[in-house]
Amino acid sequence: MEDAKRLYQSLSNATAEGPILKDKDLRSVCETLFDQLNSAFGQFCSALPLRHHDRHAPPLPPPHSRLRPVVEDLSLLLRCSLLLMTLPHPDQRFLLLKCRSLLRVLNSFLSLDLIQGDLSDSCRPFLCALFEVFADELLRHQSLRRYLMIADSVSSDSEKLFVCHFNHGDIASVLEVMSSHFTLSISNEKAFEDFISRLFIHCDKDFRFTELSLVPSMMLLLDPVVLSAPKMFQAHIISMVSEAIGSGLSSEILAPDMNCHLTALQKSVILYTMHASSLQIDGFHVELKCSYNSYLLERGHPTFESYIQQGTRNRLNQVLLQSDNSWDSCRCKMSSKTKADLLAKYIAFMKEREYIFIDSFRDVTTSILDCIIHQAFSQDATGDSLYKITESTSAQDICLLASILKLMSVSLLQAIKYLSNGGDSHCVKTMRSAYMREKYDFLISIIDHFQQFKFSLPIQTFLYDNMMKSQQSNYQVSKSMLLHFIGLLSLSFSNGLDLLAKGCISVLMSLMCLFVFEEGDLVSLGSLRGLSLRPCSSEIPSDKSGKGARDKRSVYQVAVEFCRIRPCNLRKYWGLSSHHKFNSFVKHKKIPFCRKPSLTPTHFAISCLTHGTEKTCNGEVFLNSMFEGSKRLSDYDELADFLECKTGKNYSKWLNNRQIYRKWRYQKKKNLRKSKKEILWKSSKCKLKRQKICTFMKH
């Protein structure tokens, strides 16, 4: 394969004015290379492991040992073959034949179906890599796209792969390939989990970066047709662009030019302001003051669906329906975790990626971020008001926003890396290079948009008063961006949006690097470690026992919420039949009763719920079972006074049975939803067949 590597390097540097091969030699090289390509493709197909449908069959060994070298050779031969088609060919008929050979190879990849479960899931990354090779070379060379489109246009209708759109750079061939790449990437629940895990900055040494290079991926990102694609597909494209940008993040080698990184950052800010409004949170508004969101309609571009085949659209719709179930499953797993588990998880997420920080500032940066995450996770971060994300916000909305945050964090990191290491200084204060100063000013003009956003959350206003008003700084733009994403981080915590929370943490990590570059240290942020979210002592009543002031307001709020929910549930059964039915409800549901504390603000609500003459005790046993011993009694002793439990009852077993019931109920709903979607899918297919038959009969 060394010869193929040298050939690819030579072909990449070849020009029409200075060809590296004569006409006769070019034909000979084509014949030899395509023979090797067909041979490598045959080896690849024979090495693909099939899925065993026999449950008793032994598990398949990992295919990496035999597939990886085959795919590496096939990828290199495929790149050389595609690149040969871009050279001037005197024999156009010969060129057309070779293009059709490449189309047959691509069609073979497209026909390999993981959705139906015939191939093992372990094949997915290798097939994705080959699709990426096709897309990368197609994006690099417009002449290649046109040759393949022409070759495809003379094929029969049953063999055609692309929708002809010669008026827009022949992007249809790329979109067809990337659509198949997308359906492959989320074809089942395991694939969807892998897709979700790729929406963050990687920390695994074995992480497989995309075969898409930086410039071609940016062409795909900036193409306006992609804006009309399904949001999950957009998230997929943006995530791949981020991987292309971040592939050199851990390397000391600088990119040849930071313009791509600044363009990607600018695009991420525009996309964020376009799509963050989909969260529809009262008090947390993101306004778009440019007309970019109407650019697609104003210019009259054809929509994404008009560039792909009908069969491709059907497969896209199928996997998008399946992704809804996979998303529900992911949310269910997250909801079963305790708040302490989630907090530890996010701290670990940040520390796993601390390699992006400068060595001399790594410890202090990690410490400050640890404090920020704890404060954003505090119950006071969003205040007493309820900032709930609307139920109409879909999985596609969340995944798209998470991918945008990934693009924003990676492109910002790469731009800072270039500014820090590519000039004459590691800090703005001592920078003398006019070129680097110009690039820095452009970066600040991009993120200056975040100064327009209001700081409405308690955590934002509190940090603003203590960090920006009290400290004079020349770098207020970056701090405005910091406060904005701290606010979004706290909202993500309170709404249980794991993807957005991790995306915000990634952006905050990038901003830490920006602060170091701007000020040369983190002194201005060091005060965050000493701040508290409860600065007003007047709101904290004194404790008569002398053990210190404690805020009982949150305890009362929890108690009131318990009492509000319980009558709502009982009301459904109270008037349905007799008092016997009410007792039956209580017996089967076994809800712990609120007991009556002495002289509390919720006395009137709790007293009406006292019931029975059985021997009872406070809620200490029940709360111990809930927290599984992870909390001290002093953490919830006041709340325990609001609960009344039966003496001797095994609440640990009761909680376990309740969890089992909830899982059964969730699975039942999931199966019902799945069956409805299958019925809808079959009916749509039948409708499509009837339309085709009617069209045929008319002709």
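Roughly how many Å is it from the Cα centre of segment 204-237 to that of segment 388-447, as a whole number? Using only Cα atoms to place each centre, the spacing works out to 18 Å. Close amide H partners of Asn188, meaning residues 5 or more places away or on another chain with modelled amide H under 5 Å apart, do not exist here.
What ranking do 446-455, 83-92 get when scored by the average of other Cβ atoms within 10 Å per residue, highest first?
Ranked by mean Cβ neighbours within 10 Å, highest first: 446-455, 83-92.
Each residue of segment 495-501 is assigned a 3J(HN,Hα), and the resulting list reads 9, x, 9, 4, 4, 5, 4 Hz, derived from the Karplus form 6.51 cos²θ - 1.76 cosθ + 1.60 (θ = phi - 60°), x at Gly and Pro. For Ser433, the residues 5 or more places off, or on other chains, whose built amide H falls under 5 Å of its own are Asp424. Between Lys668 and His426, full extension at 0.36 nm per residue minus the direct alpha carbon distance yields a gain of 81.3 nm.
Seen from Lys160, the other residues with C-beta closer than 13 Å to its C-beta sum to a net charge of -2, counting Lys and Arg as +1 and Asp and Glu as -1.
For the listed peptides 421-433, 144-156, a ranking on the average number of other beta carbons within 10 Å per residue, highest first, reads 144-156, 421-433.
Relative to the current alpha-carbon distance between Ser652 and Ala344, full extension at 0.36 nm per residue lengthens the span by 108.4 nm. Placing dummy labels 7 Å off each Cα toward the beta-carbon, the span from Val154 to Asp328 is 5.1 nm.
Would you mind checking the pairs Lys267/Lys674; Lys345/Lys406; Lys406/Lys676; Lys406/Lys454; Lys337/Lys669; Lys502/Lys653 and listing those with alpha carbons more than 30 angstrom apart? Over 30 Å Cα-Cα: Lys267/Lys674; Lys406/Lys676; Lys502/Lys653. Highest average first, the peptides 354-360, 497-503 ordered by how many other beta carbon atoms sit within 10 Å of their residues are 497-503, 354-360. Converting phi to 3J(HN,Hα) with the Karplus coefficients 6.51, -1.76 and 1.60 and the offset θ = phi - 60°, segment 322-335 yields 5, 5, 4, 5, 5, 5, 4, 5, 5, 5, 5, 5, 5, 5 Hz in sequence order, with x at every glycine or proline. Computed extension length for Ser445-Glu189: 88.0 nm, one decimal, from 0.36 nm per residue of separation with the Cα-Cα distance subtracted. Net charge in the neighbourhood of Asp35 (other residues with Cβ under 15 Å of its Cβ; Lys, Arg +1, Asp, Glu -1) is 0. For Leu643, the residues 5 or more places off, or on other chains, whose built amide H falls under 5 Å of its own are Arg595, Gly619. For segment 418-434, putting each phi into the Karplus relation 6.51 cos²θ - 1.76 cosθ + 1.60 with θ = phi - 60° gives couplings of 5, 5, 6, 10, x, x, 9, 8, 8, 9, 4, 4, 10, 6, 10, 6, 5 Hz, in residue order, rounded to whole numbers and with x for Gly and Pro.
No value in this document is a laboratory result; all are computed from the given coordinates. All of these numbers come straight from a predicted model, not from anything done at the bench. Because the Cβ atoms are built from the backbone with ideal geometry, glycine has one as well, and the counts that use them run over all protein chains shown.
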